[in-house]
C-alpha cells in the first residue's frame with residue numbers, strides 16, 4: 001500500500017483527506033482477551049504491556065494517506081511510571097493515616113502534582129506517537145495544565161455547568177496548541193460562540209430530564225410524604241409504584257445526562273478539531289454527527305454489558321472507526337513535497353527513554 | 001541482481017528521522033538484510049539480522065525494521081517478515097500473537113479469563129489481603145489508632161461525665177471478657193468519652209483501643225451486662241482485624257479494576273466500581289455478623305448472658321426507630337435478623353437446642 005497510490009482518491013470535498021480506521025473486531029478480540037487473561041494471571045502487572053499492544057493495534061490501524069500512525073512506548077516504561085505514581089500515592093496516604101493533622105496532605109499534593117503529571121503524561125503520549133517515521137512532541141507545562149484541567153473543572157462545577165464551554169476551550173487550546181510534529185506547531189483556537197451553541201442543546205436535554213424526574217416525584221408526592229414521616233404505615237402494595245417510579249427516575253436521569261454529555265463531547269470534538277491548523281496552513285476537520293456518536297456510545301455500553309464484556313472489542317473498534325472516518329486533514333500545497341521536508345526535531349528524538357508515563361491520560 | 005526469492009517484503013524506506021520515504025523492498029543478500037530501492041541496485045541500508053530491531057507483530061498493523069543507522073523500513077507484509085524470521089529460527093510472530101489469532105482455541109482463552117478472573121476475586125485478592133496484613137508491622141495499627149483517637153478527642157469528644165462507680169462496673173466486666181480473648185487483658189485499653197455529636201456509640205481501633213461514649217452508657221440505663229456485650233462485639237472486630245482487612249480489600253479491588261480499565265472502557269469501569277462498592281458493603285455486613293458471633297462466644301465463656309448484645313439491638317430499634325435520623329441502623333445489617341442470628345448462635349454455643357424442639 002504505497003503512499004503515492006492512495007494519495008489521490010481519498011481526497012473529499014474541500015480538499016480533505018479523511019483518516020481511515022482498518023481495525024477489525026475479530027482481530028482485536030484475540031488481542032483483547034489475551035490482554036485481559038494475562039493481566040488477571042499476573043495480578044495486573046501485564047496491564048502495562050497490554051496497554052502497549054492495545055495502543056499499537058489502534059494507532060497502527062489509524063491510516064492517513066495510506067500510512068498508519070505508530071505507538072512506540074514499551075511496557076517497562078509504563079510499568080515504571082505506574083509504580084512511581086502508585087508508590088507516591090501509597091506513601092502519602094500512609095503518612096496521612098499516621099499523622100491525622102496531615103489528613104489533607106494527599107489532596108494538596110495531588111492538586112499540586114496533578115497538573116505536572118498531566119503535562120508529563122501528554123508529553124509522553126505525544127513522544128511515543130509517530131507518523132511517517134517522525135515523532136510528535138508536546139511542549140505544554142504544568143501551569144497550562146492547571147488552568148485547563150483543574151481551574152476549568154472547578155469553575156465548571158461551581159457555576160453548575162454554565163462555564164463548561166470555557167473549560168472546554170482551555171483544554172482544547174492547551175492540548176492542541178502545544179502539540180508539535182517534526183518541529184512544526186499545531187494551533188487550536190475554538191471560539192466560545194459555537195461551544196456555547198453546542199452546550200445549550202445539551203443543557204436543554206439535561207433540563208428536560210430533570211423536568212421529567214420532577215414530574216415523577218410530583219405525581220408520587222401523596223406517597224412520598226407519608227413515607228418520609230412514618231415509613232411503617234405504608235402497605236407493601238403502596239411500595240410497588242414507588243419502587244417503579246424510583247427506577248424510572250434513575251433511568252431518565254442517566255439517559256438524559258448521558259445523552260447530554262455525549263452530545264456535548266461530540267460537539268466539542270467537531271469544534272476543536274475543525275479549529276485546528278498545522279504549521280499555520282494545513283487544516284484539520286471533524287464532522288461526527290452528535291446523534292450517531294451518542295447512539296454508538298450508548299449501544300456499545302448496552303451490548304458490552306449484556307455480553308459480560310465479550311463484545312467490548314467490537315464496541316471499541318466500532319467507536320474508533322466512526323471517530324476516525326469523520327476526521328480529516330486538508331493539506332495546503334503538494335502533500336508529497338510537504339512530507340519530504342519534515343524532519344524529527346531536537347527534544348522529541350529518543351528522549352522518551354528518559355521519560356516516564358506519569359499519569360495515564362487519553363491522547 | 002537480487003532474485004525474487006531473496007525478497008522478504010515490499011514497503012517504504014525512511015532515512016533516519018525523516019518523513020520522506022521511497023518505495024523499497026527488504027532483501028536478504030550475502031548474509032545481510034538490506035533495504036533496496038524499488039528501482040536500483042544500491043542498497044539504502046543493510047545490516048546483519050541481529051543488528052536489526054524488528055517490531056513485534058500486533059494484528060496486521062505495519063511492521064518496522066529499524067537499521068543501525070536509524071533508517072526505517074516499514075511494510076504491511078507481516079507474513080513475509082514472519083516467514084523470514086521463522087526460517088532464521090527467530091520464532092516467527094511470537095507466542096502472544098499465536099494466542100491472539102481468531103481461532104477456535106480462543107474459546108479456551110475466554111473460558112480461562114472468566115475462570116481465572118473469578119478465582120482471583122475469590123482467592124487471589126483475599127490471599128493478597130492476608131499477605132498484606134501479615135507484613136504490616138504492628139506499629140502501623142498503633143500509630144493509626146493513636147492518630148484517630150487524637151483526632152476524635154480534638155473534634156468531637158470531651159472527657160467523660162460518668163461516675164467512678166459506673167466506669168468501675170463496666171471496666172470490671174470488660175476485663176472479664178478481655179481476659180478470654182487470645183490477646184488477653186493487656187491487649188486492650190478501654191476509654192470513656194463524652195461522645196458529643198457522635199452520640200451513643202462504641203468502637204474499636206485496630207490496636208485494641210476501645211471507646212465507649214457516655215451516651216451509650218446512658219442509653220443502657222444501668223444494664224452493664226449489655227454494655228459488656230457491645231464491647232465484646234468490638235473486641236471481635238479487633239481480633240479478626242476487620243478494619244485493616246477491609247482497607248486492603250478495597251484497595252486491592254480498586255487497583256485490579258483500574259488495571260483492566262484500559263481494556264474494558266471507562267463506562268464498564270464505572271459499573272465495576274459501583275459493583276465493587278456494593279460488594280464492600282456486603283463484606284462490612286459479614287464482618288458485623290462475625291463480630292456478633294464473637295460477642296456471643298466471649299460472653300458465654302465469661303459466664304455472662306451470651307445474648308446480651310441482642311438487648312442492645314432491641315434498644316437501638318426502639319430508641320432510634322422513634323427518631324427520623326437513623327444513621328446507625330443504616331450502617332448495620334437488618335436488626336431483627338441480627339437479633340435472631342445472635343439467639344440462634346447462642347443456643348449452639350451454650351449447647352442448648354432451639355426451644356421449639358425441647
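The values are calculated or read from the model by the stated rules, or taken from the named source; none is laboratory data. For clarity, every value in this text was computed on a predicted model and none was experimentally measured. Methodologically, a virtual Cβ is constructed for each residue, glycine included, from the backbone with ideal geometry; neighbour enumeration extends over all protein chains shown.
For the reader, a short list of remarks on this structure follows.
- Members of segment B:129-148 found to be at the interface with chain A (Cβ under 10 Å from one of its Cβ atoms) and modelled with pLDDT of 85 or more, listed by number: none
- Of the strands (runs of 3 or more DSSP E) lying entirely inside segment B:1-71, the ones with 1 or more residues being away from chain A (no Cβ under 14 Å) and over 49 Å from the mean Cα position of the chain (by Cα) are found at B:7-14, B:22-29, B:32-37, B:45-47.
- Candidates A:30, A:23, filtered to the one that is modelled with pLDDT of 90 or more, assigned to a loop (DSSP other than H, G, I, E, B), under 25 Å from residue B:103 (Cα atoms) and in contact with a helix residue (DSSP H, G or I) (Cβ under 9 Å, 6 or more places away or on another chain): A:23
- Test for residue B:122: is it surrounded by fewer than 18 Cβ atoms within 10 Å (Cβ to Cβ) and within 30 Å of residue B:31 (Cβ to Cβ): no
- Test: residue in segment B:82-90 that is assigned to a loop (DSSP other than H, G, I, E, B) and at the interface with chain A (Cβ under 8 Å from one of its Cβ atoms): no
- When the strands (runs of 3 or more DSSP E) confined to segment A:117-202 are screened for residues that are under 16 Å from the mean Cα position of the chain (by Cα) and touching a residue at least 24 places away in the same chain (Cβ under 8 Å), none reaches at least 2 such residues.
- Scanning segment B:211-249 for residues that are over 24 Å from residue B:184 (Cβ atoms) and in contact with a helix residue (DSSP H, G or I) (Cβ under 6 Å, 6 or more places away or on another chain) yields B:220, B:248, B:249.
- Residue list for segment A:47-82, filter: buried (at least 22 other Cβ atoms within 10 Å of the Cβ), farther than 26 Å from residue A:19 by Cβ and more than 7 Å from every other protein chain (Cβ to nearest Cβ): A:48, A:81, A:82
- Filter result for residue B:77 (under 25 Å from residue A:53 (Cα atoms), at pLDDT 90 or above and either more than 10 Å from every other protein chain (Cβ to nearest Cβ) or crowded, with 18+ Cβ neighbours inside 10 Å (or both)): yes
- Boolean, residue A:120 is buried (at least 18 other Cβ atoms within 10 Å of the Cβ) and within 12 Å of chain B (Cβ to nearest Cβ): no
- Count of segment A:305-320 residues, restricted to those that are crowded, with 17+ Cβ neighbours inside 10 Å, in a helix (DSSP H, G or I) and either touching a strand residue (DSSP E or B) at 6+ places or on another chain (Cβ under 6 Å) or modelled with pLDDT under 90 (or both), is 1.
- For segment A:287-304, the set of residues classified as crowded, with 17+ Cβ neighbours inside 10 Å and in a helix (DSSP H, G or I) consists of A:290, A:293, A:294, A:296, A:297, A:300, A:301, A:304, listed by residue number.
- Of note, residue B:177 satisfies the criterion of being more than 29 Å from residue B:280 (Cα to Cα), crowded, with 16+ Cβ neighbours inside 10 Å, in contact (Cβ under 8 Å) with a residue 60 or more places away in the chain and more than 14 Å from chain A (Cβ to nearest Cβ).
- When the residues of segment B:18-42 are filtered to those that are in contact (Cβ under 8 Å) with a residue 12 or more places away in the chain and surrounded by fewer than 18 Cβ atoms within 10 Å (Cβ to Cβ), the one that is farthest from residue A:57 (Cα to Cα) is B:41.
- Candidates A:221, A:201, A:160 - the one that is farther than 30 Å from residue A:137 by Cα and either modelled with pLDDT of 95 or more or surrounded by 13 or more Cβ atoms within 10 Å (Cβ to Cβ) (or both): A:201
- Test: residue in segment B:132-139 that is more than 28 Å from the chain's Cα centre (by Cα) and surrounded by 13 or more Cβ atoms within 10 Å (Cβ to Cβ): no
- Entirely in segment B:204-293, the helices (runs of 4 or more DSSP H) that have 1 or more residues that are within 12 Å of chain A (Cβ to nearest Cβ), within 24 Å of the chain's Cα centre (by Cα) and buried (at least 17 other Cβ atoms within 10 Å of the Cβ): B:242-264
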